[in-house]
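Enquirer: Attaching a single structure in structure tokens format; questions to follow.
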Amino acid sequence: MKIRDSGMPDESYWESLFDVPLILSRLDIRRFHDVAELGCGYGTFSIPIAQAIRGTLFTFDVDPAMLARTKLRAGDLPIVCQQRDVMESGFGVEADAVLLFNILHGDQPVELLRHAAEALRTNGQVLVIHWRYGETPRGPSLEIRPRPEQVITWAHAAGLELSGNVVDLPPWHYGLRLAQAIDE
Ligand SMILES: C[S@@+](CC[C@H](N)C(=O)[O-])C[C@H]1O[C@@H](n2cnc3c(N)ncnc32)[C@H](O)[C@@H]1O
């Protein structure tokens, strides 16, 4: 099932809304080996991540046009780009980081975080970015847009906990690093 409000605007407009190098640097993407991503979109993050890591970037989308665009941009990079409904089937791979970028406004966020947690290797992290709550040039309506505190609450229900602090990702986003919760 395609996640609500997950359609994309024009590619150049979408990519004007992020400082991709800053986001990947602040989330320390280079420390991870294999990375799995829900929603390649135009490959906005897939391509630079595949260039930055030493392992493989697995990226999944339900939209054939998005997959075609990302595959075209990927060239010889170590990217596995497949059509897959992650809500229905999970990720189907194991990775050191699982990315939920601009997507946690669906109607089953805990289920999605569980899928991400299940795909994590030991000591891995789920990396989330989302639109700040408030006025932004794009992003889902405020009624369904989660604040960081809301994501942290959902993460606990999925067996994850915040690692470090909420990360500021100007101009329009925040980020969270989530790790497997340690049972007491
Ligand atoms: C808002 S876009 C974000 C794309 C990318 N993560 C980014 O930030 O540039 C969400 C993407 O997720 C895809 N998507 C929506 N529901 C999905 C699902 N159930 N399984 C896999 N991909 C999905 C959409 O087709 C779309 O390309």
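Since every read-out is calculated from the coordinates, none of them should be taken as a lab result. Fair warning: this is a prediction, and the values are worked out from it, not measured in the lab. Neighbour counts are summed over all protein chains in view; Cβ atoms, including those assigned to glycine, are modelled from backbone coordinates with ideal geometry.
Enquirer: Most mobile of Glu15, Glu94, Glu143 per a Gaussian network model of the chain (Cα springs, under 10 Å)?
Expert: Of Glu15, Glu94, Glu143, the Gaussian network model singles out Glu143 as fluctuating most.
Enquirer: Under the rule that an exposed site lies in a DSSP loop and has at most 13 other Cβ atoms within 10 Å, name the longest stretch of the chain with no trypsin sites (Lys or Arg not before Pro) of that kind, not counting the sites themselves.
Expert: Formally, the longest exposed-site-free interval is 55-137.
Enquirer: Before rounding to the nearest 500, sum -39500 (n - 2.57) across all DSSP H runs of length at least 4 in the chain and divide by the residue total; then give [θ] at 222 nm in deg cm²/dmol.
Expert: Working: 7 runs with 54 residues, N = 184.
So the calculated ellipticity at 222 nm is -7500 deg cm²/dmol.
Enquirer: Give me the percent relative contact order of the range 30-79, please, defined on Cα pairs under 8 angstrom at least 6 residues apart. Can you show the working numbers first?
Expert: Numbers: 78 pairs, mean separation 21.7, N = 50.
Dividing the mean separation by the residue count of the range 30-79 yields 43 percent.
Enquirer: Another question, then. Which percent of Cα pairs goes in each bin when the distances of the range 52-171 are cut into 10 angstrom slices starting at zero?
Expert: 12, 40, 37, 11, 0
Enquirer: Any idea what the alpha-carbon Rg over 2.2 N^0.38 Å comes to for the range 2-125?
Expert: Here the Cα radius of gyration is 0.98 times the empirical estimate.
Enquirer: Which whole-number percent is the relative contact order of the chain (Cα, under 8 Å, 6+ apart)?
Expert: 21 percent
Enquirer: Mind running the shape call on the range 86-136? Use the C-alpha gyration tensor, a ≥ b ≥ c as the square roots of the eigenvalues: rounded below 1.5 for a/c, prolate if a/b tops b/c, oblate otherwise.
Expert: It is oblate, given that a/c is not under 1.5 and a/b is not larger than b/c.
Enquirer: How much length is gained on full extension from Gln108 to Asp28, taking 0.36 nm per residue of separation minus their Cα-Cα distance? Write down the numbers at each step before the final one.
Expert: Working: separation 80, 0.36 × 80 = 28.80 nm, distance 2.74 nm.
Once the chain is fully extended between Gln108 and Asp28, it gains 26.1 nm.
Enquirer: Report, by chain and number, residues whose modeled amide H sits under 5 Å from the one on His173, excluding near sequence neighbours (fewer than 5 apart, same chain).
Expert: Arg132
Enquirer: Shifting gears a bit: Kindly work out what percent of the DSSP beta bridges joining two residues of the chain are antiparallel, to the nearest 5.
Expert: Details: 13 of 31 bridges.
Counting DSSP beta bridges with both partners in the chain, the antiparallel share is about 40 percent.
Enquirer: I need the phi-derived Karplus couplings for the range 94-101: 6.51 cos²θ - 1.76 cosθ + 1.60, θ = phi - 60°, integer Hz, Gly and Pro marked x.
Expert: Computed from phi, the couplings for the range 94-101 are 10, 8, 8, 9, 10, 9, 10, 9 Hz.
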